[in-house]
Amino acid sequence: MEINNFGLINIDDYRLSSQSSANSPEKFADALKRASAANAPAHTRPGQEPIDKEDKLYQLCLELETFLVKNLLTSMRNTVQKSGLVDEGFAGKMYEDMLYDEYAKDYTKNANFGLAEQAYRQLKSI
């Protein structure tokens, strides 16, 4: 690897080749597939049976994950100073609490923390 006058790196040594030999680096497509399989969500990893998302136990595990995320968000919210933007009365506190409930549901649905899958697999094996 060389650095030329402009500070750019010559990466000829690291170029992915299409030849298949013992010395050649793996193809980019193969490396991408391997990396995506390693970082796949727990319910889609090879070697594990898929989770039935309609199962009552899984739905309860999702509620548990939502509860834990809500507690995490509430703890983080309590560390932030109040700006006065939202009314501090009963209605303002209720609105803010409902807002964070929805945040927790959205995070649980989209962030793929994996807590529900782990709890489901643990409880299903009992």
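Bear in mind that the values in this text are calculations on the coordinates, not laboratory data. Because the structure is predicted, anything quoted here is derived from the model rather than measured. All Cβ positions, glycine included, derive from the backbone under ideal geometry; neighbour counts span all protein chains shown.
Points worth noting:
- Of all lysines in the structure, the ones whose alpha carbon falls short of 22 Å from that of K124, not counting any fewer than 8 places away in one chain, are K53, K56, K109.
- Mean Cβ count within 10 Å, highest first, over the residues of peptides 89-100, 110-121: 110-121, 89-100
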